[in-house]
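Down below is the structure, laid out as structure tokens.
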Amino acid sequence: MLKKSLLIGLAAGFAMVTGALAADPIKIVYIGKNTGNPYFDSITGGFEDACEKLGCEFEFVAPATAEATSQIPFIEAQIQRGVNVIGIAPNSPDALNQVLDAAKAKGILVLTVNGDLVGNESHRDATILPVDFTKTGPNQIELTGSLIGYEGEIAILSATTEAPDQNTWIAAMNETLKNDPKYAKMTLVATVYGDDQPEKSTTEMEALLANYPNLKAVIAPTTVGIAAAAQVVQSRGIADKVAVTGLGLPSEMRDFIKDGTVKAFQLWSPYNEGWLAVHFALGLLDGSIKNEVGNTFEVENLGTIKIEEKNAMNTQAELTTFDINNIDDFNF
């Protein structure tokens with residue numbers, strides 16, 4: 001009788017252990033472009049909340065600088081750690097190809113989130129983007145034109161020279177200026193790079209003002225750059241002469257909007273990218289979602305998501321424009 005009880009107890013204990021092993025949570029990591037960039041706090045919030053709700057483990061890591069190869073050791077570390085999903089905002093369209101292939105060979109799901117491997121999409125499984133990035137450049141030119149009467153010299157203050165998302169937008173800005181007669185009187189005089197660092201972005205903005213005394217507007221398609229540019233214009237008291245716009249966080253740009261330094265800027269909800277990435281990843285892993293172009297699936301708070309060409313998904317249809325009329329409606 002004792003032996004039978006012991007066997008039953010051992011069997012029950014074994015069942016508990018194997019059940020616990022089977023229930024090990026999915027491990028998801030998101031690798032940002034660089035540390036000290038508050039933009040990624042919002043994306044990370046979406047990851048964290050979705051994992052808390054759906055029962056996965058999440059970690060955010062990032063290199064100190066947004067150089068092309070700076071994320072490679074972070075990817076290698078996650079491969080060694082044995083995570084299930086790597087999400088990444090790539091700092092280069094091609095420098096990560098080999099290490100991402102190594103991750104995929106280990107069975108790790110690789111998602112680019114908030115930027116893609118433009119021209120090298122085969123080295124990831126899918127991409128989560130906030131909007132259709134082909135519209136971002138033209139939308140930025142239109143907003144800038146509306147602020148300066150569609151006439152005058154403009155400049156671009158970007159992130160790094162290899163940032164794939166910014167480079168995609170800048171190429172579209174150039175095409176729009178070149179081909180659309182609506183912007184024939186607007187001239188792009190310079191494109192400079194602040195490396196997504198506040199200090200360098202400030203220095204580049206000051207240099208633009210010194211080198212182009214007739215400058216009418218600066219487009220900064222990066223949250224670090226637009227905040228730095230706005231700070232320079234605010235400190236010099238030249239908001240009536242130089243318009244600053246681009247892509248920014250409402251939480252960082254609110255004071256600039258309210259004091260008139262910045263009239264309008266654009267963005268999307270970064271939070272929704274993290275939220276969607278977790279739902280999509282878990283759906284793929286449990287088989288409830290098929291990663292095939294044309295497929296649709298439902299995500300709480302986002303509605304129906306469609307997998308577009310090159311296995312890309314967008315969290316919203318168009319950019320959101322923020323100005324004095326709606327800035328207080330957003331807190332990310």
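Okay, residues lined up against (1) in a helix (DSSP H, G or I); (2) without any contact (Cβ under 8 Å) to a residue 24 or more places away in the chain; (3) under 30 Å from T44 (Cβ atoms); (4) not basic (K, R):
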site: A171; (1), (2), (3), (4): yes, no, yes, yes
site: L177; (1), (2), (3), (4): yes, no, no, yes
site: A190; (1), (2), (3), (4): no, no, no, yes
site: P213; (1), (2), (3), (4): no, yes, no, yes
site: I257; (1), (2), (3), (4): yes, no, yes, yes
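Restricting to region 130-160, count the residues that are of a type in the set (D, E, K, R) and modelled with pLDDT of 95 or more.
Of all residues in region 130-160, those of a type in the set (D, E, K, R) come to 132, 135, 142, 151, 153.
Cutting the leftovers down to modelled with pLDDT of 95 or more gives us 142, 151, 153.
Result for region 130-160: 3.
So, of the residues in region 39-62 that are assigned to a loop (DSSP other than H, G, I, E, B) and out of contact with any Ser or Thr (no Cβ under 7 Å at 6 or more places or on another chain), which turns out to be surrounded by the most Cβ atoms within 10 Å (Cβ to Cβ)?
Going residue by residue through region 39-62, those that are assigned to a loop (DSSP other than H, G, I, E, B) are 55-56, 62.
If we keep only those that are out of contact with any Ser or Thr (no Cβ under 7 Å at 6 or more places or on another chain) as well, we get 55-56.
On the way: G55: 11, C56: 19.
Among those that are assigned to a loop (DSSP other than H, G, I, E, B) and out of contact with any Ser or Thr (no Cβ under 7 Å at 6 or more places or on another chain), it is C56.
What are the residues in region 259-280 that are part of a loop (DSSP other than H, G, I, E, B) and touching a residue at least 40 places away in the same chain (Cβ under 8 Å), if any? Show your work before the answer.
So the first thing to find is which residues in region 259-280 are part of a loop (DSSP other than H, G, I, E, B), and the list is 259-264, 268-269.
Result: K263, A264, W268, S269.
The rows are residues; the columns are (1) assigned by TED's automatic domain parsing to the domain that holds D49; (2) free of Cβ contacts under 8 Å to residues at least 24 places away in the same chain; (3) surrounded by fewer than 18 Cβ atoms within 10 Å (Cβ to Cβ); (4) of a type in the set (A, V, I, L, M, F, W, C).
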{"residue": "Q234", "(1), (2), (3), (4)": "no, no, yes, no"}
{"residue": "A243", "(1), (2), (3), (4)": "no, no, no, yes"}
{"residue": "G246", "(1), (2), (3), (4)": "no, no, no, no"}
{"residue": "S251", "(1), (2), (3), (4)": "no, no, yes, no"}
{"residue": "L282", "(1), (2), (3), (4)": "yes, no, no, yes"}
{"residue": "S288", "(1), (2), (3), (4)": "yes, yes, yes, no"}
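Taking the stated definitions as given, is K310 surrounded by 12 or more Cβ atoms within 10 Å (Cβ to Cβ) and either under 29 Å from E52 (Cα atoms) or out of contact with any helix residue (DSSP H, G or I) (no Cβ under 7 Å at 6 or more places or on another chain) (or both)?
Criteria not met by K310.
Picking from residues in region 178-204 that are small (G, A, S) and surrounded by fewer than 20 Cβ atoms within 10 Å (Cβ to Cβ), the one that is farthest from the chain's Cα centre (by Cα) is A184. For region 138-169, the set of residues classified as within 26 Å of the chain's Cα centre (by Cα) and assigned to a strand (DSSP E or B) consists of I154, A155, I156, L157, S158, listed by residue number. Pairs are defined by a Cβ separation below 6 Å, a sequence spacing of at least 6 or placement on different chains, a first member in region 131-160 that is closer than 21 Å to A210 by Cα, and a second member that is of a type in the set (D, E) and assigned to a loop (DSSP other than H, G, I, E, B); the pairs so defined are A159/D196.
The values are calculated or read from the model by the stated rules, or taken from the named source; none is laboratory data. What you are looking at is a predicted structure, and each value in this text was computed from that prediction instead of being measured. We place every Cβ from the backbone using ideal geometry, glycine too, and count neighbours over all the protein chains shown.
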